[in-house]
Amino acid sequence: MSKGTIRLPASAITGGRVGTARIREQIASAARELADATPTPLDATIRAIAGTLAVRPEQVMAEWQSVFHASPVERMQQLGRQPRGTMNKTEAAYAAEVLELQLHAGEILWYRFEAIKLRLADRTFITIDFPVITAAGQLEFREVKGRWTDDARAKTKIAASQFPFRFIAIQRDGCHGWRTEDLTSRSW
């Protein structure tokens, strides 16, 4: 039997398909791999990457699997922290869009990034993002977060209850705005 210029034996053509047994097996294999939840990385590629980085392939696999099974919040936390004294993008945007404008307008007299560290309890500290001196001469602590976690909110509220300063929680609100929340618990 022939198809065009290609001559194929009759056993190769079944129901109008060429080599259906091989194709069906490949499709079934791919479907099994897609249905399996465990990751199946390219071993040769990982070994090559591990060789260039001088680490064991098993270590690369373990790290890759831990990231693969992490929740979105855990993956965000695994990115790591900035070095001390370095602003992240949200803090830098707040300093440029709000604090610099307030400084030039005379609403605040001074601000500095991570200038003050407060002790809350034994081995528990909080480093405030922006201590700010207002035009009235009052000290405010402004804590800027892209996403407020329970731990960060609790530490800020504990600091607000212990110290006689105004504590303000700040979060990005859309593309061009900032949402502020006064966390000061006492009227000092």
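Within the stretch 120-165, if we keep just the residues that are within 17 Å of Q102 (Cα to Cα), in a strand (DSSP E or B) and not β-branched (V, I, T), the residue that is nearest to the chain's Cα centre (by Cα) turns out to be E143. Screening R32, R24, R84 for residues that are assigned to a helix (DSSP H, G or I), surrounded by fewer than 10 Cβ atoms within 10 Å (Cβ to Cβ), basic (K, R) and at pLDDT 65 or above leaves exactly one candidate, R32. Restricting attention to the stretch 90-113, the residues that are of a type in the set (A, V, I, L, M, F, W, C) and under 17 Å from T180 (Cα atoms) total 8.
The values are calculated or read from the model by the stated rules, or taken from the named source; none is laboratory data. Here the structure is a predicted model, which means the values were calculated and not measured. Neighbour counts run over all protein chains shown; Cβ positions are idealised from the backbone, glycine included.
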